[in-house]
Amino acid sequence: DDTPKSYLQAINSPASSFWKKAIEKEVSNMYDHDVWVIVKKTGEQKRINCTWVFKVKRNQLNIPVEYKARLCAKGFQQTKGTDYDETYAPTGKLVSLRMLIVFALKHGLSFHQIDIKSAFLNAPLKEEIFLNPPQGVDIPSDHVLKLKKAMYGLKQAPNAWHQTLSEWLFQIGFRRCEAEPCVFW
């Protein structure tokens, strides 16, 4: 497996041009979603680190079709009660999905699946989280990133995303199923 395990491996690999494009795309995605603001570093800020995770998507012939880079916070450096409180977010059950499909088919209803790209990056954070700048992101050395939105790796990211999605569904008239918190009608 030639998938890089670090930023330096990626930019120094034979496929570095592909990895650099993937990194640029992820950083651009962070700026497009307004995930952070650059602030001056102070001694009072508790900062966590982040890491790059790389993946090559391949087709059925094992030919690379996409190089992906994801920036992930090192959530294991967070402290409960300081950096986060609530982490729980319900996950849908396969039996619930099957029930919904059968219900839709039986009643002649349309059924649609959607994939929300960069879902966590749409979820505002309540907590004040500071991030040491990752490699490949041009930030002055005396500055850090103050997170405005959740990102992959944060302990509270699933909860923040579930809250954001739930609030939006409620605003447009949906109700939550009492027996299955991931089913809205």
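The values are calculated or read from the model by the stated rules, or taken from the named source; none is laboratory data. None of the values given here were measured: they were computed from a predicted structure. Neighbour counts are summed over all protein chains in view; Cβ atoms, including those assigned to glycine, are modelled from backbone coordinates with ideal geometry. Surface areas here come from the heavy atoms of the whole protein model, side chains and all, with no ligands, DNA or RNA. Shrake-Rupley method; radii C 1.70, N 1.55, O 1.52, S 1.80 Å.
Every condition in (1) in contact (Cβ under 8 Å) with a residue 60 or more places away in the chain; (2) open to solvent by 70 Å² or more (accessible area, probe 1.4 Å) is met by S141 except one, and the failing one is (1).
Residues in the stretch 11-44 that are of a type in the set (A, V, I, L, M), open to solvent by less than 30 Å² (accessible area, probe 1.4 Å) and under 20 Å from K148 (Cα atoms): V27, M30, V35. When you scan the stretch 106-114, do you find a residue that is in a loop (DSSP other than H, G, I, E, B) and either surrounded by 15 or more Cβ atoms within 10 Å (Cβ to Cβ) or among the basic types (K, R) (or both), even just one? There is no residue in the stretch 106-114 that is in a loop (DSSP other than H, G, I, E, B) and either surrounded by 15 or more Cβ atoms within 10 Å (Cβ to Cβ) or among the basic types (K, R) (or both).
Tell me, which residue of the stretch 50-83 that is closer than 22 Å to E26 by Cα and of a type in the set (K, R) is surrounded by the fewest Cβ atoms within 10 Å (Cβ to Cβ)? For the stretch 50-83, the residue satisfying everything is K57.
Taking the stated definitions as given, is P90 more than 23 Å from D138 (Cα to Cα), out of contact with any Phe, Trp or Tyr (no Cβ under 8 Å at 6 or more places or on another chain) and without any contact (Cβ under 8 Å) to a residue 60 or more places away in the chain? No, not satisfied. Out of curiosity, is S96 among the small types (G, A, S) and modelled with pLDDT under 95? Taking the combined requirement at face value, the residue satisfies it.
Results for (1) of a type in the set (S, T, N, Q); (2) touching a strand residue (DSSP E or B) at 6+ places or on another chain (Cβ under 6 Å), shown as yes or no for each residue.
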site	(1), (2)
T87	yes, no
K93	no, no
M99	no, no
L109	no, no
L121	no, yes
V144	no, yes
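Of all residue pairs spaced 6 or more apart or on separate chains, those with beta-carbon atoms under 8 Å, a first member in the stretch 21-49 that is within 10 Å of V137 (Cβ to Cβ) and a second member that is in a loop (DSSP other than H, G, I, E, B) and open to solvent by less than 40 Å² (accessible area, probe 1.4 Å) are V27/V137; M30/M151; I38/I139. For the stretch 88-103, does any single residue satisfy the condition of being under 24 Å from G43 (Cα atoms), part of a loop (DSSP other than H, G, I, E, B) and hydroxyl-bearing (S, T, Y)? Checked the stretch 88-103: no residue is under 24 Å from G43 (Cα atoms), part of a loop (DSSP other than H, G, I, E, B) and hydroxyl-bearing (S, T, Y). Within the stretch 58-65, the presence of a residue that is within 24 Å of S13 (Cα to Cα) and touching a Gly at 6+ places or on another chain (Cβ under 8 Å) is excluded. Filtered by the rule that a residue be open to solvent by 40 Å² or more (accessible area, probe 1.4 Å), part of a loop (DSSP other than H, G, I, E, B) and within 19 Å of I116 (Cα to Cα), the stretch 154-180 gives I172, F174. The residue list Y84, Y67 contains one member that is closer than 24 Å to E167 by Cα and either touching a Pro at 6+ places or on another chain (Cβ under 7 Å) or touching a residue at least 40 places away in the same chain (Cβ under 8 Å) (or both), which is Y84.
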